[in-house]
Each structure stands twice: as C-alpha cells, then as structure tokens.
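Visitor: Take this structure first; my questions come after.
FYI, it's all coordinate maths here, none of it is from the lab. Since the model is a prediction, treat every value here as computed from it, not as a measurement. Note: ideal-geometry Cβ built from the backbone for every residue, glycine included; neighbour counts use all protein chains shown.
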Amino acid sequence: MKKNFLLLIAFPFAIWLVACNNESKDSVEKADSVNEAKTDTAGTSAKNTIAVDKDCSEFMVRAASGGMMEVELGKLALEKAKNQRVKDFGAMMVRDHSKGGDELKGLAAAKNVTLPATVGEDHQKHMDDLNKKSGLDFDKAYMKMMVDDHKEDISDFEKASQNATDADVKAWATKTLPILRTHLDSAQAINKKL
C-alpha cells in the first residue's frame, strides 16, 4: 500500500520532470516522451497510464503532427495558390484533416495519449519552405509535397491498419485510409497538370 501511494505521488513529478527536460525538443518528441513516461509508470493508476503500446502512441503522435501540417498548408494554399484546383485541394485538406484531427484527439483522450500541441520540427520546416514561395512556384511545390506526403501517410496508415495492437487505433487508421488515398489521387492529378 505504501509503495503504491509513493508511486502515485511520484508520477506527477516524473511527468513534470520529463516535460522540463524536453524544453529543447520539438512538440512531437515532447509528446512521445510524455507518453513513454506514462508507459513506464504502468500500474500506478488507471487514470495516469497510457492505454496503448508504444507503436500505437507514436503513430498517433505522427498522425497528429502530419494532420496539423496538412491543415496549415491547406490554409496557405487558399491564400497563395494561383491555380483554382490547387486552392480547392487546399480547402479539402483543411476540411478533411481538421475532421480527422478532431477524431484523433477524441481517440487520444480515451487512450490517455498525449498529442503534440504544434507540428513537429520536420513538418514546420516544410511549412517554412513553402511559405517562401509564391505564384506558380508555390502551386508546383505544394502539390509535389502533397503527393510525397500522402504517399508516406498511406504507408504509415496501412501499417497501423494491419499491425496496430489497439482495436480502436486500428479502426481509425483503416477508416482514414480511403480519404488519404483520395487525397493522393487528387494531388497526383493536379500535379500532372501544373
């Protein structure tokens, strides 16, 4: 009993310590570290432990960062794109990835998984690079990035839909795959026309 009580008291301190030590890390690394700390203290309290394994939590963190990037880049496309099809694609990214992000936030809350508050450094770099472009250069770079990014996303979501150990995470990945495939098809078609 005394041991469990001490673990309960130590857990919030451990989370705080992890957060303080991660100030230099990007938001994706911070979220992964917090989730790892929740895993390492498994058994202390049901409300403080993560309900999925490391692979599932890392997938959820990557998906959250990527989805946030898609929304922000979609907004940028609405502002900067010259081609109407590119603008329409950007609007679809904002709509679909906002909805997917909201679903993922609900799933993460149910599984006690911490998601990043902002995009990770890699995604931020893509956003910064695109923000420097304008006109047709922006349109071409954005659509090429959308093709490449959605290929990576599909690969990641296929792995999760086949291998995730948590049934809810697996179901969300499976449900999201057709949307990502539609995005890829659209991105490839627009990219060929530019």
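Visitor: What does the highest-first list of 158-166, 63-71 look like by mean Cβ count within 10 Å?
Guide: The most tightly packed comes first, giving 63-71, 158-166.
Visitor: In a solvent-free Debye calculation with one equal scatterer on each Cα, what is log10 I(q)/I(0) for the range 53-193 at q = 0.16 Å⁻¹, listed in the order of the q values?
Guide: Values returned for q = 0.16 Å⁻¹ are -0.79.
Visitor: Something else now. Can you work out the Karplus-derived ³J(HN,Hα) for every residue in the range 84-101? Use 6.51 cos²θ - 1.76 cosθ + 1.60 with θ = phi - 60°, whole Hz, and x for glycine or proline.
Guide: 5, 5, 5, 4, 5, 4, x, 5, 5, 4, 4, 5, 6, 6, 5, 4, x, x
Visitor: Let me ask something else about it. Quick one: which of 132-138, 174-180, 108-114 comes out on top by average Cβ neighbours within 10 Å, and what's the full order, highest first?
Guide: Top to bottom by mean Cβ count within 10 Å: 108-114, 174-180, 132-138.
Visitor: Only Cα pairs under 8 Å and at least 6 apart count here; give the relative contact order of the range 53-193 as a rounded whole percent.
Guide: Relative contact order here is 29 percent.
Visitor: Report, ordered by chain and residue number, the lysines lying within cross-link reach of residue 170, taken as a straight Cα distance under 27 Å and ignoring same-chain residues fewer than 8 apart.
Guide: Reachable lysines: 30, 38, 47, 54, 99, 105, 111, 151, 159.
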